[in-house]
Amino acid sequence: MKQKRTYSASETEALGYELGLLLHDEAKVVILLDGELGSGKTTFTKGLARALGIQDVVNSPTFTIMKKYKSKDRLKTLYHLDLYRLDGAGDDFDLEEYIDGTGMIVVEWPFQAEALLPKDYLMVTIKKIEDNIREFTMECVGIPCQRAVRYI
Ligand SMILES: Nc1ncnc2c1ncn2[C@@H]1O[C@H](COP(=O)(O)OP(=O)(O)OP(=O)(O)O)[C@@H](O)[C@H]1O
Ligand SMILES: [Mg+2]
């Protein structure tokens, strides 16, 4: 388990970037982002995306549950899910239905779906401390993220 604080949105983006670099070579990794509205989940995801070499602008998927991004060299894939709108209808949500290959899978509002938790995942809990201060708690369950959490 690792805890980090950030003091601005750009520091949060940079933290996502650092984590993304550490996870860059993992074939498949699931990152669950838990935190209240405006805590910085999407900001953090922008940093993850940049570390994978994704140049498109990453925004919260508004009308779809999932948005898929490819790196410029096409070698890396980011699946960005936002389950906010599932709103209780997520009892039979199946993450695997949305994932058609390997890559980094980032889920905002993971607890909107009852049985989401895969076998291996990195849980990132974001707490608003003050207006611009966020506390990140990173906890790895399983194999793929152990090294990243150790070195971040
Ligand atoms: N330390 C910080 N880290 C991240 N965001 C910060 C920080 N300080 C201030 N902010 C602001 O908080 C907001 C975070 O927005 P963001 O969209 O990343 O949150 P979110 O958790 O994805 O929200 P939602 O639940 O609506 O999807 C931005 O407006 C950002 O500028
Ligand atoms: Mg968001």
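Quick check: is even one residue across the range 89-101 more than 23 Å from R5 (Cα to Cα) and in contact with a helix residue (DSSP H, G or I) (Cβ under 7 Å, 6 or more places away or on another chain)?
yes
So how many residues does the range 103-132 have that are away from ligand 1 (no atom under 16 Å from the Cβ), in a loop (DSSP other than H, G, I, E, B) and over 22 Å from D87 (Cβ atoms)?
Going through the range 103-132 one residue at a time, the tally reaches 2.
I need the full set of residues from the range 43-65 which are outside any loop (DSSP other than H, G, I, E, B) and either of a type in the set (D, E) or touching a helix residue (DSSP H, G or I) at 6+ places or on another chain (Cβ under 6 Å) (or both), in order please. First the steps, then the outcome.
So in the range 43-65, the residues outside any loop (DSSP other than H, G, I, E, B) come out as 43-51.
Answer for the range 43-65, where residues must be outside any loop (DSSP other than H, G, I, E, B) and either of a type in the set (D, E) or touching a helix residue (DSSP H, G or I) at 6+ places or on another chain (Cβ under 6 Å) (or both): T43, F44, K46, G47, L48, R50, A51.
Can you go through G103, G47, G38 and tell me which one is touching a Ser or Thr at 6+ places or on another chain (Cβ under 9 Å) and within 16 Å of ligand 2 (Cβ to nearest atom)?
Numbers: G103 fails: within 16 Å of ligand 2 (Cβ to nearest atom); G38 fails: touching a Ser or Thr at 6+ places or on another chain (Cβ under 9 Å).
Answer to the selection: G47.
Would it be correct to say that E135 is open to solvent by 40 Å² or more (accessible area, probe 1.4 Å), in a strand (DSSP E or B) and touching a residue at least 12 places away in the same chain (Cβ under 8 Å)?
Numbers: open to solvent by 40 Å² or more (accessible area, probe 1.4 Å): no; in a strand (DSSP E or B): yes; touching a residue at least 12 places away in the same chain (Cβ under 8 Å): yes.
No, not satisfied.
When you go through (1) touching a Pro at 6+ places or on another chain (Cβ under 6 Å); (2) acidic (D, E); (3) free of Cβ contacts under 8 Å to residues at least 60 places away in the same chain; (4) away from ligand 1 (no atom under 12 Å from the Cβ) one by one for D82, which number turns out not to apply?
The single condition D82 does not satisfy is (4).
Do we have A51 as within 16 Å of ligand 1 (Cβ to nearest atom), under 14 Å from the mean Cα position of the chain (by Cα) and closer than 27 Å to Y151 by Cα here?
no
Starting from residues that are open to solvent by 60 Å² or more (accessible area, probe 1.4 Å) and assigned to a strand (DSSP E or B), keep the ones in the range 1-20 and report whichever is farthest from ligand 2 (Cβ to nearest atom).
Residues of the range 1-20 open to solvent by 60 Å² or more (accessible area, probe 1.4 Å): 1, 3-5, 7, 9-11, 17-18.
Next cut, assigned to a strand (DSSP E or B) only: 3-5.
Numbers: Q3: 21, K4: 19, R5: 20 Å.
Only one residue tops the list, namely Q3.
Is one or more of the residues making up the range 66-79 free of Cβ contacts under 8 Å to residues at least 12 places away in the same chain and not in a loop (DSSP other than H, G, I, E, B)?
Taking every residue of the range 66-79 in turn, none turns out to be free of Cβ contacts under 8 Å to residues at least 12 places away in the same chain and not in a loop (DSSP other than H, G, I, E, B).
A quick yes/no check of all residues on (1) among the basic types (K, R); (2) modelled with pLDDT of 90 or more; (3) open to solvent by less than 60 Å² (accessible area, probe 1.4 Å); (4) out of contact with any Lys or Arg (no Cβ under 8 Å at 6 or more places or on another chain):
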position	(1), (2), (3), (4)
L52	no, yes, yes, no
K70	yes, yes, no, no
T77	no, yes, yes, no
D94	no, no, no, yes
G103	no, yes, yes, no
E114	no, no, no, yes
K127	yes, yes, no, no
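Contact list please: Cβ distance under 8 Å, first residue in the range 21-38 and part of a strand (DSSP E or B) and open to solvent by less than 70 Å² (accessible area, probe 1.4 Å), second residue more than 16 Å from ligand 1 (Cβ to nearest atom) and among the charged types (D, E, K, R), pairs at least six apart or on different chains.
V29/D120; V30/D120
The values are calculated or read from the model by the stated rules, or taken from the named source; none is laboratory data. For clarity, every value in this text was computed on a predicted model and none was experimentally measured. Here the Cβ is made from the backbone with ideal geometry for all residues, glycine too, and neighbour counts use every protein chain on show. Accessible surface areas use protein heavy atoms only, side chains included; no ligands, DNA or RNA. Shrake-Rupley method; radii C 1.70, N 1.55, O 1.52, S 1.80 Å.
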